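Note sheet for the following structure.
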Amino acid sequence: MLSIVIPTLNEEKYLPLLLKSAKNQVLQDKVEIIVADSGSTDKTQEIAISCGCRVYVIPNVFLPAKAKNGGAEFAQGEIILFVDADVILPASFFKKSINEFNSRNLGVASFYLSSDNKFHNFLFNLLYNLPAKLTQQFLPQAMNVILVKRDIHKDIGGFDEKIRLGEELDYIRRAKRIGRFGILNSVKVLVSTRRFANDGWFITWLKYFLCQIHIILWGSVKSDVFRYKFNHYQKNKK
């Protein structure tokens, strides 16, 4: 079984698009969708329930790591897919990613990113996909989507809930110590550009770059130096 864990907070605009793309997938194995909600005040929970998702409210969540861990506690699948609510999964995503994941004997994997806007897609390729490809053997990268064996998730104790920014990087680098890591080549994920539109492309990429430097020199970002907040984009029109 594949368990999909989606951390949410007021995602009534984006969640239906993700769930629709998930429901259109074809996979021989059973799939369960778990929405780990942080107390949404909009129709997020209602939408999730209407789409047949298992919904759990994870209280007192100020960062997505706790929501991801909370959702994973209820996962029954041997493999867990952590995915942000503002992602759209391309056709045959489940089938292609699971087949490649198993054929390469991976324990944890991340994905290349894409956009339906040509300019934004160019930026993703230049600023994320290419660097991620070049550094995957010694400095693994991950952002919106992670595929991992449930046993590995449990063995590393899940996401570090003290990390303020870059919890995915810390997660896959710890997971890589006990399971083989790779970036899947068979599919890309279509991601929203709302965080870039809201905060600015230059500022956002600079923040991520400085986060990488901070991790290399001083360790994970557990202070509020980058002033990161869990989902402050829902009012953005992008």
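Does any residue of the range 134-141 turn out to be surrounded by 18 or more Cβ atoms within 10 Å (Cβ to Cβ), in contact (Cβ under 8 Å) with a residue 40 or more places away in the chain and under 18 Å from Gly219 (Cβ atoms)? Yes: one or more hits.
Taken residue by residue, the range 196-205 has no member that is open to solvent by less than 10 Å² (accessible area, probe 1.4 Å), under 15 Å from the mean Cα position of the chain (by Cα) and not polar (S, T, N, Q).
Criterion first (more than 18 Å from the chain's Cα centre (by Cα), modelled with pLDDT of 95 or more, crowded, with 18+ Cβ neighbours inside 10 Å and part of a loop (DSSP other than H, G, I, E, B)) does Gly158 satisfy it? No: the conditions fail for Gly158.
When Leu147, Leu184, Leu130 are checked against the criterion of being of a type in the set (A, V, I, L, M) and surrounded by fewer than 18 Cβ atoms within 10 Å (Cβ to Cβ), a single residue qualifies: Leu130. For the range 1-115, list the strands (runs of 3 or more DSSP E) that sit wholly inside it and hold at least 3 residues that are within 16 Å of the chain's Cα centre (by Cα), buried (at least 20 other Cβ atoms within 10 Å of the Cβ) and at pLDDT 95 or above; which are they? Qualifying strands (runs of 3 or more DSSP E): 2-8, 31-37, 79-83, 108-114. Return yes when Phe138 is under 13 Å from the mean Cα position of the chain (by Cα), in a loop (DSSP other than H, G, I, E, B) and among the aromatic types (Phe, Trp, Tyr) and no when it is not. No, not satisfied.
Taking the range 195-207 as the range and being of a type outside the set (Asp, Glu), without any contact (Cβ under 8 Å) to a residue 12 or more places away in the chain and in a helix (DSSP H, G or I) as the test, the residues that pass are Phe202, Ile203, Thr204, Leu206. Scan the range 130-137 and tell me whether some residue there is over 19 Å from Asp29 (Cβ atoms) and in contact with an Asp or Glu (Cβ under 8 Å, 6 or more places away or on another chain). Among the residues of the range 130-137, not one is over 19 Å from Asp29 (Cβ atoms) and in contact with an Asp or Glu (Cβ under 8 Å, 6 or more places away or on another chain), which makes the answer no. Can you confirm whether Arg164 is free of Cβ contacts under 8 Å to residues at least 40 places away in the same chain, farther than 30 Å from Ser103 by Cβ and either crowded, with 18+ Cβ neighbours inside 10 Å or touching a Gly at 6+ places or on another chain (Cβ under 9 Å) (or both)? No, not satisfied.
The values are calculated or read from the model by the stated rules, or taken from the named source; none is laboratory data. Values in this document were obtained by computation on a predicted structure and should not be read as measured data. Backbone-built Cβ (ideal geometry, glycine too); neighbour counts: all protein chains shown. With ligands, DNA and RNA removed, areas are computed over all heavy atoms of the protein, side chains included. Shrake-Rupley method; radii C 1.70, N 1.55, O 1.52, S 1.80 Å.
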